[in-house]
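> Below: one structure in structure tokens.
The values are calculated or read from the model by the stated rules, or taken from the named source; none is laboratory data. Owing to the predicted nature of the structure, the values given are computational and were not obtained by experimental measurement. Here the Cβ is made from the backbone with ideal geometry for all residues, glycine too, and neighbour counts use every protein chain on show.
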Amino acid sequence: MKYFSVSCGNGYCGCDEEWLMESNIDLDPEDVYDCYTYTDGAAGLRIGDDEFDDIAVDQYYENIMESICIEEISEEEFMHLRDSELWEVR
């Protein structure tokens, strides 16, 4: 089993998240994208609303994908972050 810490944002203030994941394979941004809370929008904006045109939707997706940081960590660090720091496992 491999252990990972993940951080992600979308460019809006207050929308940064950190969480943990376990996997048998190495993870890439596509693997964790759906785990991010704000994939459908944030700050009162929803993907698909009139405020988002196709370019804005593509840019929003790119902002998220570019901000995803995946770091492989040890099992001990994983357990520490999960149990002592109370990081969520997704």
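> Just give me the residues in region 12-39 being more than 12 Å from the chain's Cα centre (by Cα) and either among the basic types (Lys, Arg) or closer than 11 Å to ILE64 by Cβ (or both), in sequence order.
Correct list: TYR12 only.
> Right, something else. Are any residues in region 1-15 modelled with pLDDT under 95 and either out of contact with any helix residue (DSSP H, G or I) (no Cβ under 6 Å at 6 or more places or on another chain) or of a type in the set (D, E, K, R) (or both), and if so, which ones?
TYR12, CYS13, GLY14, CYS15
> If SER23 satisfies every condition in (1) in contact with a strand residue (DSSP E or B) (Cβ under 7 Å, 6 or more places away or on another chain); (2) modelled with pLDDT under 90; (3) small (Gly, Ala, Ser) but one, which is the exception?
(2)
> While we're looking at this one, here's another question. For region 70-90, which positions are surrounded by fewer than 13 Cβ atoms within 10 Å (Cβ to Cβ) and touching a strand residue (DSSP E or B) at 6+ places or on another chain (Cβ under 8 Å)?
Once the filter is applied, which keeps residues that are surrounded by fewer than 13 Cβ atoms within 10 Å (Cβ to Cβ) and touching a strand residue (DSSP E or B) at 6+ places or on another chain (Cβ under 8 Å), region 70-90 yields GLU71, SER74, GLU75, GLU88, VAL89.
> I've got another one for you. Are there any pairs with C-beta distances below 7 angstrom linking a residue in region 78-90 that is within 13 Å of MET21 (Cα to Cα) to a residue that is hydrophobic (A, V, I, L, M, F, W, C) and exposed (fewer than 13 other Cβ atoms within 10 Å of the Cβ), with the two at least 6 apart or on different chains, and if so which?
Listed by first residue and then by second, the contacts come to ARG82/VAL89.
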